[in-house]
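For reference, the structure discussed in these notes is given below.
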Amino acid sequence: MGVNPNQLPALLQKSLAPVYLFGGSEPLLLQECRDQVICAAQQQGFDERNVYEVGKGFDWQLLAEDSAALSLFSSRKIVDLRLPTGRPGREGSSALVEWVEAADPDILLMISCEKWDSSLRKSKWATVLARAGVLVEIWPLKPSQLPQWIRGRMNSAGLEPEPDAISLLADLVEGNLLAAQQEIDKLVLLKPGARITAEDISRSVANSSRFDSFRLVECALLGQLGECLRVASGLQRSGVAIQAVSGALYRELTIADTVRAAVAAGENEASVFKRFRIWPARQAPLRSALQRLSEFQLGEAFRTLALIDRQSKGRACGDPWQTLDRMLWSMCDPSDPGAMRPA
C-alpha cells in the first residue's frame, strides 16, 4: 500500500503492518514517520528496537539473525533499517524479499531510504515490501506549498500566524522543513497560543547565526551600511561560508530586478508584489532598494556577486569578504563618490 505522510496516522490507528518502507529526502518528515510507527508499535508490545545503518560492506546476514533471535526481555521488537542510498544491492534485495516471505508477526521491519525516486519504487524489493506492508513516499515540498505547510504546523501548535509572518519564515528557511519546525517550536515557548507577526519572527531568529545572512540582505536593501558591515564581519568571524551570504543576496536582488522590470514595463507595483507573493514585510526593503538603485547599479551588483563566487573558489584574485564589503557600500550609498566599486 502506498500513502503519503499525512495518511500514516490514520492507518496506524486502524492496524499495524508487518513492514513500513519510508522513501524521501526530508529528514524532519522521515523522522516523524518513524516516530509515529515506533509509538504505535510500542503500544502493542514492541518494546525492543534494533537500529542498523546500511553502508558499504554491510552484513545482510545480521537481518536474518536478528529476525531469528528474540530478546529474553521482550517478545516483540522493531528492526529499524536505515538505507541512505535507497539501494540495497543484489544481496540486500534478496535479504529483504526473503524477510517478507518468512515474516514473523512479532518482528516489525521499518526501512528508511533517504534517496528515493520512481525507479526505486518500481524495484522488485520495494514492490514486494509495499505489497506486504505500507510504503510512505515523502516528496519535497514545492516552494509554493511551503507557506501552507508552515501555516498548518503553526495552527497545530496553537499559534495564529499573520500572512506576513508565514511569508517571512518561508523565506528564511528556504525550504528547510527542520529549520522551520525548530523556529515554530521556539515560538510556542516564547508566545504560546498567541498571534504571530512578522516582527515576532524577526525577533525569534535575531540571535540565530544561521539567519544572519538574511539580516544582512535586509540591511543592504534598506541602505543601512553600518549594520551591513557589522553583520558581514560577524558572519566572517563565525566561519559562515560566503556562498550562503552571496546566495541570499543574489536571490533577493533577482526579485528586486524582476519587480523593477515589471514596473518599468507599466505594471502596477502593488500588482507585481501580489503576483510574486511579496508580502508587506518584504515590500518596504525592496521598495527602498529600487528607489536607490538603478538598472545599471543592479547589474553591477550581479557582476560583483559573480566575482565573489570566483574569488571564493580561487578562480579570481582578491578577498571575497572585502569585495562583499565594497559591494555593500555601493548598494547602500551609490551616490557616495568615495564608494569603492568592485573591480
- Note on the structure: With a Förster distance of 45 angstrom and the Cβ-Cβ distance between S123 and R310, calculated FRET efficiency to the nearest 0.05 equals 0.60
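Give, in nm to one decimal, the length gained when the segment between Q291 and Q322 is fully stretched (0.36 nm per residue of separation minus the Cα-Cα distance). Don't skip to the answer; put the middle values down first.
Values: separation 31, 0.36 × 31 = 11.16 nm, distance 2.57 nm.
Contour length minus Cα-Cα distance gives 8.6 nm.
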- Evaluate the charge dipole of segment 214-332 about its Cα centre and quote only its size in Debye, nearest 20, assuming +1 on the Cβ of each Lys and Arg and -1 on the Cβ of each Asp and Glu. 240
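Taking a quarter of the surface of the convex hull around the Cα atoms of segment 271-339, what do you get in nm²?
Values: hull surface 23.6 nm².
About 5.9 nm², averaged over all directions.
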- Column: log10 I(q)/I(0), Debye, Cα scatterers of the chain, q = 0.11 Å⁻¹: -0.86
- Run a plain Debye calculation on segment 143-205 (Cα atoms as equal point scatterers, no solvent) and give log10 I(q)/I(0) at q = 0.14, 0.16, 0.22, 0.30 Å⁻¹, rounded to two decimals, same order as the q list. -0.29, -0.39, -0.77, -1.61
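Express the C-alpha Rg of segment 214-332 as a ratio against the empirical globular expectation 2.2 N^0.38 Å, rounded to two decimals.
On the way: Rg = 14.5 Å, N = 119, 2.2 N^0.38 = 13.5 Å.
After normalising by residue count via 2.2 N^0.38 Å, the value is 1.07.
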- Item | Value at 222 nm in deg cm²/dmol, rounded to 500, when DSSP H runs of n ≥ 4 in the chain each add -39,500 (n - 2.57) | -18000 deg cm²/dmol
- Message: Placing +1 on the Cβ of each Lys and Arg and -1 on the Cβ of each Asp and Glu in the chain, which of L187, C317, S246 has its Cα farthest towards the positive end of the resulting dipole?
- Response: C317
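Arrange the following residues from fewest to most other Cβ atoms within 10 Å of their Cβ: L178, L135.
On the way: L178 13, L135 22.
Ranking L178, L135 by Cβ neighbours within 10 Å, fewest first, gives L178, L135.
In which sequence would L62, L189, L172 go, from the one with the fewest C-beta neighbours within 10 Å to the one with the most?
Ranking L62, L189, L172 by Cβ neighbours within 10 Å, fewest first, gives L189, L62, L172.
How far, in nm, would the chain grow between E53 and D333 when pulled straight, counting 0.36 nm per residue and subtracting the alpha carbon separation? Working shown, then result.
Working: separation 280, 0.36 × 280 = 100.80 nm, distance 5.39 nm.
Contour length minus Cα-Cα distance gives 95.4 nm.
About the Cα centre of the chain, what is the dipole size in debye to 20, counting +1 per Lys and Arg Cβ and -1 per Asp and Glu Cβ, all else neutral? Show your work: numbers first, answer last.
On the way: 39 positive and 41 negative charges, 137 e Å.
That gives a dipole near 660 debye.
If r is the Cβ-Cβ distance from A64 to S238 and R0 is 56 Å, what FRET efficiency results, to the nearest 0.05?
Details: r = 49 Å, r/R0 = 0.87.
Step by step, r from the Cβ atoms, then E = 0.70.
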- Item | Under DSSP loop assignment and at most 15 Cβ neighbours within 10 Å, longest chymotrypsin sites (Phe, Trp or Tyr not before Pro)-free interval of the chain | 74-275
- Message: If I histogram all Cα-Cα distances within segment 76-195 using bins 5 Å wide from 0, what percent of pairs lands in each bin?
- Response: 2, 9, 17, 16, 10, 10, 11, 12, 9, 4, 1
- What's the FRET efficiency of R131 with L190 using the Cβ-Cβ distance as r and R₀ = 51 Å, to the nearest 0.05? 0.65
- Inter-centroid distance (Cα atoms) of segment 268-339 relative to segment 1-54, Å: 46
- Item | Rounded D (µm²/s) - segment 190-275, Kirkwood Rh over Cα pairs, Stokes-Einstein at 20 °C, 1.002 mPa s | 144
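Got a sec? How would R215, R292 order by Cβ neighbour count within 10 Å, fewest to most?
Numbers: R215 21, R292 16.
Least to most surrounded, the residues fall as R292, R215.
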- Task: Restricting things to alpha carbons, tell me how big segment 2-138 is in terms of Rg and Dmax, in Å.
- Result: 13.8, 41
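Read-outs: derived from the displayed coordinates by stated rules, not from any lab. Just so it is clear, the structure is predicted and the values come from calculations on it, not from any experiment. Virtual Cβ from ideal backbone geometry, glycine too; neighbours counted across all protein chains shown.
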